[in-house]
1. Pairwise over distinct Cα atoms, reciprocal of the mean inverse distance: report the Kirkwood radius of the stretch 41-152 in Å, one decimal place.
2. Which angle from 0 to 90°, rounded to the nearest 10, does the C-alpha axis of helix 228-245 make with the longest principal axis of the chain?
3. Could you work out how far apart the two model spin labels at E522 and L410 are, taking each label as a point 7 Å from the Cα in the direction of the beta carbon, and quote it in nm?
4. Projecting each Cα onto the charge dipole of the chain (Lys/Arg +1, Asp/Glu -1 at the beta carbon, about the Cα centre), which of T608, S116, N570 comes out farthest on the positive side?
5. Could you compute the net charge surrounding S672? Neighbours are other residues with a C-beta less than 11 Å from the C-beta of S672; K and R count +1, D and E count -1.
6. Give, in nm to one decimal, the length gained when the segment between E101 and D371 is fully stretched (0.36 nm per residue of separation minus the Cα-Cα distance).
7. Would you work out the Kirkwood radius for the stretch 824-878? I mean one over the mean of 1/r across all pairs of different Cα atoms, in Å.
8. What percent of all Cα-Cα pairs in the stretch 84-209 falls into each 5 Å bin, going from 0 up to the bin containing the maximum distance?
Amino acid sequence: MSAPQPIHLHDYQLPAYRVTHTELKFDLSPSATRVVARLHLERHSERQEDNLPLVLNGEHLKLLRVAIDGQELGAGEYSVDAETLTIFEVPQRFLLDTEVEIAPESNTALEGLYLSNGMFCTQCEAEGFRRITYYPDRPDVMATFSTTVIGDAASLPVLLSNGNPVERGELPNGRHFVTWEDPFPKPCYLFALVAGDLEKVEDRFTTMSGRDVTLQIWVEKENLDKTDHAMASLKRAMKWDEDTYGREYDLDLFMIVAVNDFNMGAMENKGLNIFNSAAVLTHPLTATDAAFQRVEGIVAHEYFHNWSGNRVTCRDWFQLSLKEGFTVFRDQSFSADTNSAPVKRIEDVSFFRTAQFAEDAGPTAHPVRPDHYIEISNFYTLTIYEKGAEVVRMLRNLLGWEAFRKGTDLYFSRFDGQAVTIEDFVGCMHEVSGQDLSQFMSWYSQAGTPEIDANGHYDYAKSEYHLTLRQRTPATPDQHEKLPLHIPIRLGLVGTKSGDDLEMTLDGETLGKDAVIHLREEEQNFVFTGIAEAPVPSLLRGFSAPVKLRFPYGREDLAFLLQHDSDGFNRWDAGQRLAMLALDDLIAAHRNGVEKVMDVRVVDAFRTLLTAKVDDKAVLAEMLTLPSEAYIAEQQPVVDVDAIHAARTFVKQSLAVALRDEFMAVYGDHQSDVSYAPEPGQIADRALKNVALSYLMSIEDEEAVALTQQQFEADHNMTDVRAALTLLTHSSRSDLADPALKAFGEKWAHDSLVMDQWFSIQVTRPQPDVLERLKFLMQHPAFSLKNPNKVRALIGTFASQNRVNFHRIDGEGYQLLADVVIELNKLNPEIAARIITPLTRWQRFDETRQALMKAELERIRAEELSPNVYEVVEKALA
Ligand code: ARG
Ligand code: ZN
């Protein structure tokens, strides 16, 4: 087999033919579904000499018939290979009829048309449509669709596709059909079909121009009681997009369907969003607060795509962040407006700095707009999504909201119905603001995380504060030279006497107390004048750019900012930095075999947090949360998993011992038996209470053990139950862990999404027996390698969150992951290529682990690989 070849952005060419209208007819059967397609085709060029052959994509299809304008083609007139159908000569304008057979039941890749729990469903983004029928499967070919779905009336009573149902009826042999018409031209990646035994909940929404839209959520019957939150979220998202971006929904019907087997979170198919059931279904007894918030965010995300993605789509897949980065920015803003804005920002940034920074520093680093790829499914990444969102956020901040909104209005109106590029988007921003964004464009083309070294000093005599900023972006695998970026740095200078933000003047210009300065050169000096008292700088407020910023803060400075910074995000970040300094010392002590001593300044800072009456309890809960092991690892030159674990555990236990009564008081004060609602006040109380309990349980305080067991048994809501079960499971006492796990596992055996949580909780256990437990759980009847949620819950959670055990020095953790990757490579290449990630980060570890991890990657490489796994493994071993 020849090695898969990359495709390049600079090779982009307009399609030779366009499809103006697509007619599809599906005759559904698990083993042999017939797909009849009629494409209305037109050559782009009018010139006869441009009469290029028509090349259509198609994979895993059995071609039964091909005809042009009703004339069946003979053997010499076309050719078929594993990836294409080529017709040598075609007229200027014509109808192409094809008929193919496909086997949804053997589709374990979950791309194209597949079966999930007996129900037919599709996933076409990015290149799944070519597994359904022969088609120009590229986003710049946009057509209206008319789709007839035929199925068995008894087993498949519900037949759905995009747009509006226009006809339905009975057919012989107990079959029936529904015909759907989607009037909006769309690329085929937005096509969807669902057929199954489903039930719906229905609601309505009146749009800003007074149009009445029917909203439906389709689920399996037993899940009808788990749709309220998704429906409420959908209505809030529809209203928010009208109020915030002036975007109105455009069809009479909007449907969401929940499916159990799904590679990602959800998919924005026009009028028919298909969701991983984990991203729709919630119930107070089965879903945590975090899950409720995730559902709200994903429902909004997919809905927002109706404009940022569907009405205006991507010219090619290199532009993926055009829709994903922008839409993530939109959903983040929505969630911030609906819940606690500072907490949303803290959560997003702390995830970003852990996971996206690691991606940007690893072998698969790529720009927000990649310039080549082998397999596009590998590029649904944190860089495309989250860094892309940070880049859009910087644009919003550079322009200010009003100009940015003018820019989005222009973008949506100018490019409605078109497939466009990132230049088109940024061009609108330039046009409405007059700002020069040419240097800014490098954010899209340059991979890697910029590092800023900041230094400052106060000149008493002149009342000046001097700030020096130096930027550098480390080399990434295929980019060695890096250009200086345009980096907006939001900052304040906090007076050490007053504790207030000081008025800033720069180059004679008054900036105010909170301002943005622009770093464009490799190094720049900023002199702030009229600074009456010595300040501590509060830099990169709100994480104003996706960079690493170092400043030689003393611990007193950080304790000061933790109390006085007017920016909630930086107040939290000061606490994280303070904890990191203490952790660094303890990691060194552990490595050197020196006795560990807790830094009293951290204890004092925590005492102040616990006893002061902080009004934002959600932020307080975040402040009391220590940096994760993964985040700490990101800060180390060579990751020492054992030292990190030991140091973090030591800090946690020391704080628990020193502040036992304070934690106990916080726990007691935030107990409540009001009926569950996923609203910010309650969520904050639960977060705070459960953080306090986790400290107390780290020392297995007797009273805390009793409280944890009570909380578990009270079964008030999944947030509290899961928090308690996790603490019991993580304790060293098997008399606590085992009975609780058993009770929970039996109680929820019927609920697949709760069982996912049961799997995850067990494999995050720090004790060394976890690998044996994991192997045992892989044999559990509820586990299946074919279900991505199960793979993520058990294998993904273990490899990414149980760092001490995954990185066991005997290499057993690595071996287990490689075994799973080898199996999944055959079943579901997209999931295989994702789950492998922790192994690709081998460069970060000591030599022994490096060798073990590389040996597993080599073992995988020796297999016959899907393009997905091939691309990742090749990069990891390059
Ligand atoms: N567009 C979907 C979303 O909003 C994700 C689709 C992912 N598809 C894939 N093959 N990975 O996030
Ligand atoms: Zn998306």
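1. About 15.4 Å for the stretch 41-152.
2. Around 90 degrees separate the two axes.
3. With each label point 7 Å from Cα toward Cβ, the separation is 3.4 nm.
4. Toward the positive end, the furthest listed residue is T608.
5. Residues close to S672 contribute a combined charge of -2.
6. Contour length minus the Cα-Cα distance gives 93.7 nm.
7. 11.2
8. Taking every Cα pair in the stretch 84-209, the percentages come to 2, 9, 15, 20, 21, 15, 9, 5, 2, 1, 0.
Quick note: the coordinates plus some simple rules give every number you see, no bench work behind them. A quick note: this is a predicted structure, and the numbers were derived from the prediction, not measured. Note: ideal-geometry Cβ built from the backbone for every residue, glycine included; neighbour counts use all protein chains shown.
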